[in-house]
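> The structure is given below, and queries will be raised subsequently.
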């Protein structure tokens with residue numbers, strides 16, 4: 001039986017799961033800043049050979065240890081809630097075994113991108129929900145929702161594209177970066193409003209301006225994660241060309257209309273596909289030289305129609 005757990009649960013993502021907010025996820029929710037050391041360059045030595053590993057200077061505005069500790073706590077709380085609703089896949093579930101196998105192939109290559117990753121306790125879990133979603137939290141805490149596997153009927157290579165993308169968000173420390181940007185941009189905008197005597201009007205403008213800046217940063221983060229994720233998956237022996245078919249499926253499987261480009265937290269599907277195609281000539285040689293998986297898995301059976309809501 002491929003589905004011995006509740007796939008109709010409603011398990012919310014932890015706040016810090018928005019650290020990897022993609023088209024697969026909703027918007028970020030951060031409550032407060034975890035202030036740490038001042039701004040400094042964040043360029044690991046491996047970035048010389050993997051330029052996509054370069055991290056933002058804004059990450060130094062908050063403490064990595066505190067962010068990872070908070071993320072770990074929220075991840076545990078999410079798993080406890082899922083378990084309580086019988087929506088956490090058991091260890092022997094075929095699709096969870098699939099995620100763990102693909103993840104285990106990618107993890108060894110993460111150490112070359114971020115020195116902290118060598119000490120992370122990577123985790124992969126499967127949540128019983130129809131949502132077309134997956135996310136990553138700081139410190140290598142990854143979860144897939146059953147819906148993204150079942151509704152989109154993903155191949156192993158397509159799953160690896162998502163896994164690489166999620167791992168890339170953690171490696172690039174996008175949660176830390178966004179926190180740092182929120183601290184710096186909001187503070188700078190409000191200081192400017194005060195200097196020019198704009199009062200409350202200036203404060204409101206600062207909030208709006210900061211939000212728009214964050215949205216732009218979000219699109220940048222998504223593009224960075226796409227680029228690095230392709231490399232991570234290719235190194236693990238998964239075909240980066242599957243990034244194209246993945247986003248074709250995402251576009252056809254997405255519900256509702258896309259928001260205006262200026263207010264979108266992620267690149268549009270067609271733009272994303274175009275960007276991935278432009279990166280393939282560089283990434284394909286890595287895939288061709290990589291050791292290939294010795295196991296292959298199939299997608300789960302499609303989900304039956306959702307049960308009717310009470311009162312309808």
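The values are calculated or read from the model by the stated rules, or taken from the named source; none is laboratory data. From a predicted model like this one, the values you see are computed outputs, not experimental measurements. All Cβ positions, even for glycine, are placed from backbone atoms using ideal geometry, and neighbour counts span all protein chains on display.
> Could you run through the range 67-85 and say how many residues are under 18 Å from residue 172 (Cβ atoms) and surrounded by fewer than 17 Cβ atoms within 10 Å (Cβ to Cβ)?
Summing the residues that are under 18 Å from residue 172 (Cβ atoms) and surrounded by fewer than 17 Cβ atoms within 10 Å (Cβ to Cβ) in the range 67-85 gives 0.
Residues checked against (1) within 22 Å of residue 106 (Cα to Cα); (2) at pLDDT below 80; (3) within 13 Å of the chain's Cα centre (by Cα):
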| position | (1), (2), (3) |
| --- | --- |
| 139 | yes, no, yes |
| 143 | yes, no, yes |
| 151 | no, no, no |
| 157 | yes, no, no |
| 166 | yes, no, yes |
| 174 | yes, no, yes |
| 188 | no, yes, no |
| 193 | no, yes, no |
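> Moving on. Starting from the range 227-241, keep only residues that are at positive phi and surrounded by fewer than 24 Cβ atoms within 10 Å (Cβ to Cβ), then list their pairs with residues that are assigned to a helix (DSSP H, G or I) and at pLDDT 95 or above whose Cβ atoms are within a distance under 9 Å, requiring at least 6 positions of separation or different chains.
237/105; 237/160; 237/287
> Here is a further query. Kindly provide the set of residues from the range 86-100 that are in contact (Cβ under 8 Å) with a residue 40 or more places away in the chain and surrounded by 19 or more Cβ atoms within 10 Å (Cβ to Cβ), ordered by number.
87, 88, 89, 93, 95, 98, 99
> Let me ask something else about it. Report yes if residue 67 is touching a residue at least 12 places away in the same chain (Cβ under 8 Å), over 17 Å from residue 163 (Cβ atoms), assigned to a helix (DSSP H, G or I) and within 17 Å of the chain's Cα centre (by Cα), otherwise no.
The answer is yes for residue 67.
> Taking the range 130-170 only, how many residues are in a loop (DSSP other than H, G, I, E, B), within 18 Å of residue 93 (Cα to Cα) and touching a helix residue (DSSP H, G or I) at 6+ places or on another chain (Cβ under 6 Å)? Lay out the reasoning, then the answer.
The first filter runs over the range 130-170 and keeps only residues in a loop (DSSP other than H, G, I, E, B), leaving 130-133, 138-140, 153-155.
Pick out the ones that are also within 18 Å of residue 93 (Cα to Cα) and you get 130, 153-155.
Subset that is touching a helix residue (DSSP H, G or I) at 6+ places or on another chain (Cβ under 6 Å): 130.
Number of matching residues: 1.
> Specify the residue that is nearest to residue 227 (Cα to Cα); the eligible residues are those in the range 248-257 that are modelled with pLDDT under 85 and either under 19 Å from the mean Cα position of the chain (by Cα) or in a helix (DSSP H, G or I) (or both).
251
> Here is a follow-up. Filter the range 259-290 down to residues that are modelled with pLDDT under 95 and surrounded by fewer than 13 Cβ atoms within 10 Å (Cβ to Cβ) and give me whichever is farthest from residue 151 (Cα to Cα).
Going through the qualifying residues, I end up with 262.
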